[in-house]
1. Just need a number here: residues in the stretch A:243-258 that are within 11 Å of another protein chain (Cβ to nearest Cβ) and surrounded by fewer than 21 Cβ atoms within 10 Å (Cβ to Cβ).
2. Going through the stretch C:290-326 one residue at a time, which ones are of a type in the set (F, W, Y) and either at pLDDT below 80 or more than 34 Å from the chain's Cα centre (by Cα) (or both)?
3. Do we find that B:L271 is under 17 Å from B:N38 (Cβ atoms), under 18 Å from the mean Cα position of the chain (by Cα) and part of a helix (DSSP H, G or I) in this structure?
4. Return only the number of the condition from (1) within 14 Å of chain C (Cβ to nearest Cβ); (2) within 17 Å of the chain's Cα centre (by Cα) that B:E143 does not satisfy.
5. Quick one: is A:G319 out of contact with any Pro (no Cβ under 7 Å at 6 or more places or on another chain), in the same structural domain as A:L53 (by TED's automatic domain parsing), surrounded by fewer than 24 Cβ atoms within 10 Å (Cβ to Cβ) and of a type outside the set (K, R)?
6. Run down C:G87, C:G107, C:G68, C:G99 and say which single residue is at pLDDT 90 or above and within 14 Å of chain B (Cβ to nearest Cβ).
7. With (1) surrounded by fewer than 20 Cβ atoms within 10 Å (Cβ to Cβ); (2) in a helix (DSSP H, G or I) as the list, and C:K433 as the residue in question, which single condition is left unmet?
8. So in the stretch B:15-26, with the set limited to residues that are in contact with a Gly (Cβ under 6 Å, 6 or more places away or on another chain) and within 11 Å of another protein chain (Cβ to nearest Cβ), which one is farthest from B:F303 (Cα to Cα)?
Amino acid sequence: MTRTKQWILTLLTAALAGFAGAALAQDIVIGAAIAQTGPASSLGSGEVDALKLFEKQVNDAGGIMGHKLKIVLLDTASDPSKAVLDVRKLITEDNALAVVCCTTSPESLAVIDTVQRAGVPNISLAASASIVQPVSDRHWVFKTPPLDSVMVSAEVKDMVAQGVKTLGFIGFNDAYGQGGLNELKKALPGTGIDLLDTESFARTDTNLSSQASKLAEAKPDAILIWAIPPGGNVAQKALQDAGYQGIFYQSYGMTNETFLRLGGASLNGTRLSVLPVIVHDSLPSSLPFASVVQDFVRTYQAAYGSAPSSFAGHAWDAGLILEAASKQVLASTSPGDVKAFRSGLRDAIEGLHGFQAVDGTFDFSPTDHSGLGSTSAVMVTVQDGTYRPVQ
Amino acid sequence: MTTGTALFLLVTGLTNGAIYALLGLGLVLIYNVTRVINIAQGEFVMLGALTAVGLTTGEATGGITLAILAGAAWALLALLRRRRWSLLWLPVVGGALLWWGVDAIGPFHLPPVLGVLVATVAVAFVGAALYRLTIQPAAGAGEVVFLVITTGLYLGLQGLGLLFWGPGSFSFPSVHGGQIAAGGVRVSYQSLFVLVATFAVLALLWLFFERTLFGKALRAAAMNRLGARLVGISPERAGLVAFAISAGISALAGVLIAPVTYATYDMGLGLGLKGFVGAVIGGLSGYPGAVLGGLAIGVLEAFAAYTTSAYGEAIVYALIIPILLLRVVATRRGAAT
Amino acid sequence: MRARTVVVAVALAALLVALPWLLPPFYANLLCFIAIYGGVATGLILLTGYAGLVSLGQGAFYGIGAYGAVVLAGAYGVDPWLSLLLGTALAAAAGYLVGLPILRLSGHYLALATLAWGIVATILFTQLASITGGANGFTNVPVLRVFGIDFVDPARFYYLTLVFAVLAVAALASLIRSRAGRAVRAMRSSEAAAASVGMEVGRIKLQVFVLAAALAGLGGALFAYFIAFISPSTFDLGASIRLLTMAMIGGAHPLGGVVGAAVVTLLDDVLQNVIPNGSGQAGLVQVIAYGAILVGLMLASPRGLEPVLGRLWPMRFRTAPARGGRGPGGRGPGVPASGGRGPGVPASGAPASGAPASGTAPARALLEVRGLGRNFGGLQAVDGLGFDLRAGEILGLIGPNGAGKTTAFNVISGLFPPSEGRVLLGGDDVTGKQAQHMARRGLTRTFQNTALFDMSVLENVMAGCHVHTRGGVWAGVLGLGRADEARAEREARRALERVGLTELDVRAPSLPVGKQRLLEVARSLAMRPLAVLLDEPAAGLRYAEKRELATLLRALRDEGLAVLLVEHDMDLVMNVADRIVVMNYGQMLAEGAPEQVRQDPDVIAAYLGLDAA
């Protein structure tokens, strides 16, 4: 490419970008930076599907109080630096009123500085508690998935109920796995459960026999696996092959369609805490958010032909929250007044109480930007290819 | 660590190592004939595994689509250059019509063996086509150029993998489920099969290179391009065959490993890397060396992961440097010049 | 500097400074990325493009600089601008420690070793969570304050990164045109030849490696402050490959790094804008397109953009105008030059050049070979070889094929050590010393397949001046040592005139064989050697060229140079040599004046078979 061509290309790009930024002042523009490629793509694909569906559903019903919803979707490639770039683009070029970012914890942590400085509310779809804590430094940041501590506590509580005294752990050596281990270590003191051995593996590791045999040798009552498919499947299979006979616990990151499909009958008896959307058809109707979950599942199923993953649920909730907050802000501010609208949105989100959504009932407050409690973790066992809630 | 555990780790390591060995064989083959370090070697493994899965479960026939597209591009290129390969368009178009016609009728559900065969052939074809489209035009460029080209191939192929099969994982039926207990160590039938298959491939390669005329011609082309040309051996054809065989071997490796570790669109790079390591440690010139190197890396990995899973991989890679240094020193000691 | 260059430079500078204001605000971010990656890629171009050392592990140094800087600033309260320097120093130190062992490797082994190093570094970043924050990353990055100015806004940060990029480019441009740069390029063409003119190949490689690591480290530190967050995934194998891609696209040119970085970064952004987001597959198609474009670029131009850049800003060594000492007629002695020191004058006072004319042997031999032997496994290639070489004489070393001449030659010139015996140069024991050492003590050689450097004729000969000039990599970067360079150039011109070569700016490998030989001799002369070993200089020469060579050799001998000649061409040897040593089966068969040797029955038997004797 000659230099001249390069300059033309740059100018063309700039023009294109400028053009894209000139959305109609009436539209409510939301930016979304999701991992469509890269290691987190299996999580991101569900999120993208949910966001697109939400946008369509809202606009088909006439928009948000007459204003068209426009979700600008960018791919972060699971890379924190790219996530920062994407969010900055969404803020400055597309004038997004709020952003939904990102799929993984490192990415979400990376964009905190940007959204804080720009004064743009961000709803993260990732697990780590440090995304919204300490709240004093997270004025503009919220998240929809329950804190990983909530999910871990539910499992630990179940372990105590099952009479588990010794525990083994194996997880990813990335943010997700390390996060799970950290929360586990925080949750164990006082339960009488002894953590005998911890192992880790890379997401792309193809053979876990070494780690599995070491864990199996320690013969703990239960083993907790903290990964996403297919890693979690491989780990469990390796442990079974190594002769481990105890109780298997998996994590909520496993709940996309791959887990059950790959594991088959060998998964019977596995216990894990899942998000409500996973057991949508066994939720007691007394649960206040049960109808929201079922509506979501029905809509998603009709559009895509398969049940949604929990990640899709997180994204849907982001949509629901932003929609509700927008309705509040529109009463006094126009989407064209970007700065005021962003600020208004933030305040509105923080003020949501008893907000029923797919992941549970959100109770945001100035001290809690996660908003979900223990009702968002449902303990289940795997039986014959389905999840059965534990009584 | 008990003896039982040590034995178990050894077997595990050898099984994994066999896959790395297969990849290493493919790498060395390509390097010997074309002087290209193929960063995208692992992607052939991915394509082989996922195509076989798609053919047997009818879920996604991406690999065949890719083969047809690659063939079409190749045919187009040949047409533009008016070479003999322009006859390629006939089977490509015919195959495409047949494919989409049958696909319209219903999803494919080939028996596993046939699925493996078709997948291997398809991926081998893709390998040859990619050579023709991306490597051959750059003949004579420095080795670093090829490094970047194959990097581009790796990115493109992985992207296509994601496009065709999505980010999910897929399993493939084992040759025979279950394990046998030998000497207190549990070994799965699949692991045994992998080992046997690796050595079978090695033996076949040896026969090919030592006993057949074409195999010898390939070796000649590797040693001296100009000389080979002078005796009528075409380096281009040699490159085509090398890429085809190498891709085929890798596809086979993918099918062998899929039952154990599940196939995903991004399984390629890690495997390719380990295969590369094994091949270089083995000297990057000899086939037995590549196999031994691959096996060694597999065993090293198994023991390192057992000792400390957090740093296991780091230990394996860190050990490469002293091994390489030792190799160089040893070579220098016996140096003639 | 010419006026046009000044105008262009000023215009360019103005454009660069104004850039953030000419583009939409988001693009300041891209500009920062381009500048940072550009600086880092420039270091990689020095390493891979110029020195030929492929590194797949630059991401590691990039990360060490980043983590070093922000951890020191965030966790230990070090001043941010100071942390920039410390981060860079850490990366440089790591470069030194890693480079020491792995630079003994070359080619694919080196690439693999750097790859391994990169992977180990990424794992360490992830596992040493207490220091680095682990996989979740390090968030406690303070604001970068330099000289009381806060650098947060991308447009402002851009100027900081612009300085970095400009410094990197300037450093490389200065280095490549300096003595050290010449050494780097020479080393790339032929390590053996570089050693033979006294270049410390190992040390040069290490210095280049450290410099590239330092640039990567500084870039990483700036990057960390720019994003205000770092995590291990940013510095993994993917990052190293990306950097290498940028370097390859830019090509071997000081601007290559920045240009390559621009192409790659903008490509990402363009693809994102051009491919419609509505399809939902946008990310995937971008990745595929990216891969395809990469392949296409490399196929279209394997040397990257270097041809274009080379025309925009030629990296040719600027030849200084000829200074005094170039009279129309007579030539002064080419060896030694006026005034300057000679290479390692032997301590034991062997006769310096300028010794008496041929025929009268001086008191002590310059080169003494005693009982030299070399075996390879079971083969005794050289056995008990001994002779003297004096200043002002030409010694011919001949023998049938397989006699061991080349092995003996290689041992004496320091290519590899002998198995037994001794070599003395000017009375000092130099047995087993390497070629660089020999060169510094005044012994040099030519090569059978002329090992010329891929540079101009003049630069090749200037490389010969390496031993008696000074200026390492750091001096080259800073642009010091111009006086030495000017002197070296003058000397090179003289040497070239001596051998009769006139086209100074032609690329050396494009010369016909005869002229290449003369060039090699000129290069040797530029070293101001005491002794020159010529390895089959007549091979491939025409009759007239051989006569010229013979005349030149005789003239050099008359000036006091010691010449050892390994040759097959009997005519040349018999004509030119004062004494001849004949080898057969590794041993010395005969020694003496040409006529003597010619009639020696053993010699005849060795060459023509027993019957002929």
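The values are calculated or read from the model by the stated rules, or taken from the named source; none is laboratory data. Treat the numbers as computed from the prediction; the structure is a model and nothing was measured. Glycine gets a Cβ as well: all are built from the backbone with ideal geometry, and neighbour counts include every protein chain shown.
1. From the stretch A:243-258, those within 11 Å of another protein chain (Cβ to nearest Cβ) are A:243, A:256-258; that's our starting set.
With the extra rule that they be surrounded by fewer than 21 Cβ atoms within 10 Å (Cβ to Cβ), the set shrinks to A:243, A:257.
Of the residues in the stretch A:243-258, 2 are within 11 Å of another protein chain (Cβ to nearest Cβ) and surrounded by fewer than 21 Cβ atoms within 10 Å (Cβ to Cβ).
2. As a first pass, look at the stretch C:290-326 and keep what is of a type in the set (F, W, Y): C:290, C:313, C:317.
If the condition is that a residue be of a type in the set (F, W, Y) and either at pLDDT below 80 or more than 34 Å from the chain's Cα centre (by Cα) (or both), then C:F317 is the only one that fits.
3. Values: under 17 Å from B:N38 (Cβ atoms): yes; under 18 Å from the mean Cα position of the chain (by Cα): yes; part of a helix (DSSP H, G or I): yes.
Spelling it out, B:L271 is indeed under 17 Å from B:N38 (Cβ atoms), under 18 Å from the mean Cα position of the chain (by Cα) and part of a helix (DSSP H, G or I).
4. Tallying (1) within 14 Å of chain C (Cβ to nearest Cβ); (2) within 17 Å of the chain's Cα centre (by Cα), B:E143 fails exactly one: (2).
5. Working: out of contact with any Pro (no Cβ under 7 Å at 6 or more places or on another chain): yes; in the same structural domain as A:L53 (by TED's automatic domain parsing): yes; surrounded by fewer than 24 Cβ atoms within 10 Å (Cβ to Cβ): no; of a type outside the set (K, R): yes.
It is false that A:G319 is out of contact with any Pro (no Cβ under 7 Å at 6 or more places or on another chain), in the same structural domain as A:L53 (by TED's automatic domain parsing), surrounded by fewer than 24 Cβ atoms within 10 Å (Cβ to Cβ) and of a type outside the set (K, R).
6. Values: C:G87 fails: within 14 Å of chain B (Cβ to nearest Cβ); C:G107 fails: at pLDDT 90 or above; C:G68 fails: within 14 Å of chain B (Cβ to nearest Cβ).
C:G99 is the lone residue from the list that is at pLDDT 90 or above and within 14 Å of chain B (Cβ to nearest Cβ).
7. Among (1) surrounded by fewer than 20 Cβ atoms within 10 Å (Cβ to Cβ); (2) in a helix (DSSP H, G or I), C:K433 violates only (2).
8. Start the filter on the stretch B:15-26 by keeping residues that are in contact with a Gly (Cβ under 6 Å, 6 or more places away or on another chain), which leaves B:16-17, B:20-21, B:23-24.
Keeping just the survivors that are within 11 Å of another protein chain (Cβ to nearest Cβ) gives B:16-17, B:20.
Values: B:N16: 12, B:G17: 12, B:Y20: 16 Å.
Among them, the one singled out is B:Y20.
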